[in-house]
1. Are any residues in segment 99-121 closer than 15 Å to residue 194 by Cα and among the hydroxyl-bearing types (Ser, Thr, Tyr), and if so, which ones?
2. Please find, within segment 106-127, the residue that is farthest from residue 171 (Cα to Cα) out of those that are in a helix (DSSP H, G or I) and among the β-branched types (Val, Ile, Thr).
3. Counting only residues that are polar (S, T, N, Q) and closer than 20 Å to residue 105 by Cα, which one in segment 153-199 is modelled with the lowest pLDDT?
4. Take the residues of segment 1-34 that are in a loop (DSSP other than H, G, I, E, B) and surrounded by 12 or more Cβ atoms within 10 Å (Cβ to Cβ): which is modelled with the lowest pLDDT?
5. Do you know which residues across segment 89-116 are without any contact (Cβ under 8 Å) to a residue 60 or more places away in the chain and of a type in the set (D, E, K, R)?
6. Filter segment 145-199 for residues that are under 22 Å from the mean Cα position of the chain (by Cα) and part of a loop (DSSP other than H, G, I, E, B); which is nearest to residue 56 (Cα to Cα)?
7. Search segment 138-150 for residues that are touching a residue at least 40 places away in the same chain (Cβ under 8 Å) and closer than 13 Å to residue 161 by Cα and pair each with any residue that is among the aromatic types (Phe, Trp, Tyr) and surrounded by fewer than 23 Cβ atoms within 10 Å (Cβ to Cβ) when their beta-carbon atoms are under 9 Å apart and the residues are at least 6 apart or on different chains.
Amino acid sequence: MLETLRSRARDRPRATVALLSVLGYGLVMGTFAGALPIYPDLTNAQVNLFSHAIAGINTTATVLLILGWKWIRDGEVEKHRKAMGSAFGLIMVFLVLYLWKIGGGGTKEMIGAPDLVYYAYLLMLAIHIILSVVAVPVVLYALVLGLTHSPRELREETPHKRVGRLAAGSWILSLSMGVLTYVLLNWVYSYEFTAGTGM
């Protein structure tokens, strides 16, 4: 069964990415629209705990992505593969926690920051969100190619190198902006909880 799925993904990487992207986008949009009543309610303390865990996961994933990028440039293919696979696994954990946090506890809004800082915060948050949305198919495409082809095939027969650069670069920037906005919101300035789902 697993080998059959791998073979299909190898033969049709773009279709696989399209299917996974649609499923992911549907889950996220359904959560933000409040159309998925599957999340247990969270207390404000639990929302904070989720926020801290998410920031730790994103920081670790960013470090792994940077290391993975360095290792492939140094020709250390196996280390690169493990770093990128681990980063993707962490992002899946992030997605579960993030959707549960949004679906079960609402969000927080920054208060008390000077206007310039507040608008810079919103700009960084917007860049983080846009890159997160746009990067999904690119990251999935690099991942599907990486999981279904040998290192030689990846180098000689696929656009994995070019797509991987774009995926890793956008992913690193998105995660970095997310962590920076987390620090500003949770540790530098004050916040207030916003009830309900949505941003």
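The values are calculated or read from the model by the stated rules, or taken from the named source; none is laboratory data. Keep in mind that this is a model prediction, so the values were computed, not measured. All Cβ positions, even for glycine, are placed from backbone atoms using ideal geometry, and neighbour counts span all protein chains on display. Areas reflect the complete protein model, heavy atoms only, side chains present, ligands, DNA and RNA absent. Shrake-Rupley method; radii C 1.70, N 1.55, O 1.52, S 1.80 Å.
1. Correct list: 107 only.
2. So the first thing to find is which residues in segment 106-127 are in a helix (DSSP H, G or I), and the list is 115-127.
Add one more test, that the residue is among the β-branched types (Val, Ile, Thr), and what stays is 117, 127.
Numbers: 117: 24, 127: 11 Å.
It comes out as 117.
3. At the first step, the residues of segment 153-199 found to be polar (S, T, N, Q) are 158, 170, 174, 176, 181, 186, 190, 194, 197.
Filter once more, so that each one left must be closer than 20 Å to residue 105 by Cα: 181, 186, 190, 194, 197.
Numbers: 181: 96, 186: 96, 190: 94, 194: 84, 197: 40.
Out of the qualifying residues, it is 197.
4. That would be 34.
5. Within segment 89-116, 101, 115 meet the criteria.
6. 199
7. 139/88; 143/88
Table: residues versus (1) open to solvent by 60 Å² or more (accessible area, probe 1.4 Å); (2) small (Gly, Ala, Ser).
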| residue | (1), (2) |
| --- | --- |
| 139 | no, no |
| 144 | no, no |
| 150 | no, yes |
| 153 | no, no |
| 162 | yes, no |
| 167 | no, yes |
| 170 | no, yes |
| 175 | no, no |
| 192 | yes, no |
